[in-house]
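The block underneath contains the structure these notes are about, expressed in structure tokens.
Read-outs: derived from the displayed coordinates by stated rules, not from any lab. Just so it is clear, the model here is predicted, and its values are computed rather than measured. Here the Cβ is made from the backbone with ideal geometry for all residues, glycine too, and neighbour counts use every protein chain on show.
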Amino acid sequence: MGVFALLVSLIALGLAGSSVVYARAGRASRARPTTADALPEDVQGLREEVAALRLDSGDALRHVAMVRYDAFGDMGGKLSWSLALLDDHANGVVVTSIHGRSDGRTYAKSISDGHCEQPLSPEESDAIGHARGKA
């Protein structure tokens, strides 16, 4: 979420800076620059930074989904859960917590390109599907 806020701030700053430049240039000529070469150096630098942030954000774990369920028939309350944390390339982890009457267990499985080397439970598959926007 912080990366998104930073990205929006940089875009707003770039737009504000470019409007000031255009306002000054507009006094002499009403035509706006149409190429990246015609932009001031600081605005071009901001555009390059925003492009770099977009590339970096692809590796952020920003696709998140949780599935809550009853792991055992004699227990209610949906206290067990599976949580998928994925990046834009469907790489990440799925964490599962199984709640029983006398104990709880937590498991983590690595996800690569949307697939896992270990078998996935139906709830883990659902969490991954929801995180990828396919459920």
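Sorted into 10 angstrom bins from 0, the C-alpha pair distances of the range 63-131 split as 23, 51, 22, 4 percent.
Between S110 and Y69, the distance separating the two model label sites (each 7 Å from Cα on the Cα→Cβ line) works out to 2.5 nm.
Ranking S125, S97, A84 by Cα position along the charge dipole of the range 44-131, where only Lys, Arg, Asp and Glu carry charges on their C-beta atoms, puts S97 farthest toward the positive end.
Normalising the average separation of contacting C-alpha pairs (under 8 angstrom, six or more residues apart) by the number of residues puts the relative contact order of the range 63-131 at 33 percent. Applying the criteria of a DSSP loop state and at most 16 other Cβ atoms within 10 Å to the chymotrypsin sites (Phe, Trp or Tyr not before Pro) of the range 59-106 yields F72. Taken about its Cα centre, the range 63-131 carries a charge dipole of about 280 debye when Lys and Arg each add +1 at the Cβ and Asp and Glu each add -1 at the Cβ. Sites listed here are GluC sites (Glu not before Pro) in the range 53-135 whose DSSP assignment is loop and whose Cβ has at most 13 other Cβ atoms within 10 Å: E117.
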